[in-house]
Amino acid sequence: MPTVLLFAAVLAPVALGYFFGRRWALGAGGRRVPGHFGIFVGLCALLPGLAVLALWLALEERVVTAMAAAALPAGLAGLPAERLALVMNQVANIAAGTVAAQSEAMAAAAHYRALGEYAQLLMPLAVAAAAAAGFMAGRRMLRADFAARSAVERMVLALFMVCSCAAILTTVGIVLSVLFETLRFFEKVSPAEFLFGLEWSPQTAIRQDQVGASGSFGAVPVFAGTLLITVIAMAVAAPLGLLSAVYLAEYAPRRVRAVAKPLLELLAGIPTVVYGFFAALTVAPLVRDGGAWLGLTAASESALAAGLVMGVMIIPFVSSLSDDVISAVPAALRDGSLGLGATRSETIRRVVLPAALPGIAGSLLLAVSRAIGETMIVVMAAGLAARLTANPLDAVTTVTVQIVTLLTGDQEFDSAKTLAAFALGLLLFLVTLIMNLIALFIVKRYRENYE
């Protein structure tokens, strides 16, 4: 379905409603704000159209799949739910042309494709009909004493509330979905083994005829590797980022600041795969050769190499935000300190930085979250070995890398190996939540002191 047709189905009634409402207001006494009447009728057309579009996109695939499943041959329609889901997935792949067609599924795939095309044709018609119905309803509400401005504000407020609730419900849905799969994982693996186990080797046999161990699911080495790389990255990013922010905000001339800050922020725009190549091809060999020169044994892939490059990558997160926070400290605090005889450096250390501490803590937290969630640099420079070590010259792995590894390829979502990815994700979410609570405590405490 052309995207232009869908946009026309939504925007045409909205434009028509705006011009009609404005014209009606001008013809009913020349009101001072006829634009509010046009916006009101336009919103009356827009909101139903968007609602139908969102509902259609959410239910289209399920409805098409259910209708196609109902038309399957008798031998396939009576399969259990799990087998039927696999069959319909195969039918959808054949209809999309991603896999070769099989004789027993060709008819079902053709029916599935026809239903999808029919649904794509009906979508703009349904959206246009809902928008037209909203336009007619808004048109009937217009009268001489109608408070269009208040109605528009209420509608916009309701739209904002819906968007806020959508964001909240999305977060709740993500947490519940991960929690549900984590509970399934803990039915197969003891929570004590997962939380306190010292060996991570989730290679299990998927089928009964395969030879494989029961697997080890101790997450301590994985989180230890994450912590080690994050500490190294923050040891690079925190001092460099904070000191560069202090220089740009307090010492740098305007011309230097106008050039240096955009150049520093360019580091955040470099793709992580480029950082990964740089870490694997340049930094990792330097770390290995440097370790050999010092008489130390350094792996080809090490936590130090990944942490150093990751620290450079997250410098802008610390520098840019801290710079903005330091610049926002009221000038009266600086002037008062200087007026009492303090030097410029003493003013920065004892007045400016404590006043900006809530924002600085937020920038550091954002940098930590970015370091924890990084995957590509770790894969290319630190390896995949889950090793419980504090030696930065050893190869380690992180939580995000293991999640990607566990969910890559053809996996069976009833095995402990695949479900372990959801358990890792939930535990990582809890760690991030605790960090957020600590940051909020710091912000609340120091904000009360300096407001």
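The values are calculated or read from the model by the stated rules, or taken from the named source; none is laboratory data. A quick note: this is a predicted structure, and the numbers were derived from the prediction, not measured. Neighbour counts are summed over all protein chains in view; Cβ atoms, including those assigned to glycine, are modelled from backbone coordinates with ideal geometry. These area figures cover heavy atoms from the full protein model, side chains too; ligands, DNA and RNA do not enter into them. Shrake-Rupley method; radii C 1.70, N 1.55, O 1.52, S 1.80 Å.
For the stretch 262-286, name all the residues that are open to solvent by less than 90 Å² (accessible area, probe 1.4 Å) and more than 18 Å from residue 384 (Cα to Cα).
262, 264, 265, 267, 268, 269, 270, 271, 274, 282
Going through the stretch 332-360 one residue at a time, which ones are small (Gly, Ala, Ser) and crowded, with 20+ Cβ neighbours inside 10 Å?
From the stretch 332-360, those small (Gly, Ala, Ser) are 332, 336-337, 339, 341-342, 345, 355-356, 359; that's our starting set.
Scanning the stretch 332-360 gives 355, 356, 359.
Quick check, is residue 249 within 30 Å of residue 198 (Cβ to Cβ) and either modelled with pLDDT of 90 or more or open to solvent by 20 Å² or more (accessible area, probe 1.4 Å) (or both)?
no
What is the residue count in the stretch 335-363 for residues that are among the hydrophobic types (A, V, I, L, M, F, W, C), within 24 Å of the chain's Cα centre (by Cα) and under 16 Å from residue 249 (Cβ atoms)?
Of the residues in the stretch 335-363, 1 are among the hydrophobic types (A, V, I, L, M, F, W, C), within 24 Å of the chain's Cα centre (by Cα) and under 16 Å from residue 249 (Cβ atoms).
Only one of (1) under 25 Å from residue 182 (Cβ atoms); (2) assigned to a helix (DSSP H, G or I); (3) in contact with a helix residue (DSSP H, G or I) (Cβ under 8 Å, 6 or more places away or on another chain) is not met by residue 367, so which one is it?
Exception for residue 367: condition (1).
Looking at the stretch 202-222 only, could you name the residues that are modelled with pLDDT of 55 or more, open to solvent by less than 50 Å² (accessible area, probe 1.4 Å) and either in a loop (DSSP other than H, G, I, E, B) or polar (S, T, N, Q) (or both)?
Once the filter is applied, which keeps residues that are modelled with pLDDT of 55 or more, open to solvent by less than 50 Å² (accessible area, probe 1.4 Å) and either in a loop (DSSP other than H, G, I, E, B) or polar (S, T, N, Q) (or both), the stretch 202-222 yields 202, 204, 215, 216, 218, 219.
Does residue 369 fit the bill of being open to solvent by less than 10 Å² (accessible area, probe 1.4 Å) and out of contact with any strand residue (DSSP E or B) (no Cβ under 8 Å at 6 or more places or on another chain)? Before the answer, list the steps.
Values: open to solvent by less than 10 Å² (accessible area, probe 1.4 Å): no; out of contact with any strand residue (DSSP E or B) (no Cβ under 8 Å at 6 or more places or on another chain): yes.
The answer is no for residue 369.
Quick one: how many residues across the stretch 144-180 are open to solvent by 60 Å² or more (accessible area, probe 1.4 Å), among the β-branched types (Val, Ile, Thr) and within 15 Å of the chain's Cα centre (by Cα)?
So the count comes out to 5.
If you go through the stretch 380-398 one residue at a time, how many are surrounded by fewer than 23 Cβ atoms within 10 Å (Cβ to Cβ) and part of a helix (DSSP H, G or I)?
1
Among the residues of the stretch 315-328, is any charged (D, E, K, R), crowded, with 24+ Cβ neighbours inside 10 Å and either within 32 Å of the chain's Cα centre (by Cα) or within 30 Å of residue 389 (Cα to Cα) (or both)?
Within the stretch 315-328, one or more residues are charged (D, E, K, R), crowded, with 24+ Cβ neighbours inside 10 Å and either within 32 Å of the chain's Cα centre (by Cα) or within 30 Å of residue 389 (Cα to Cα) (or both).
Take residues that are without any contact (Cβ under 8 Å) to a residue 40 or more places away in the chain and among the small types (Gly, Ala, Ser) and tell me which of the helices (runs of 4 or more DSSP H) falling wholly in the stretch 277-354 contain 1 or more.
Answer list for the stretch 277-354: 284-293, 331-339, 344-347.
What residue, of 377, 442, is hydrophobic (A, V, I, L, M, F, W, C), touching a residue at least 40 places away in the same chain (Cβ under 8 Å), farther than 24 Å from residue 172 by Cβ and buried (at least 19 other Cβ atoms within 10 Å of the Cβ)?
377
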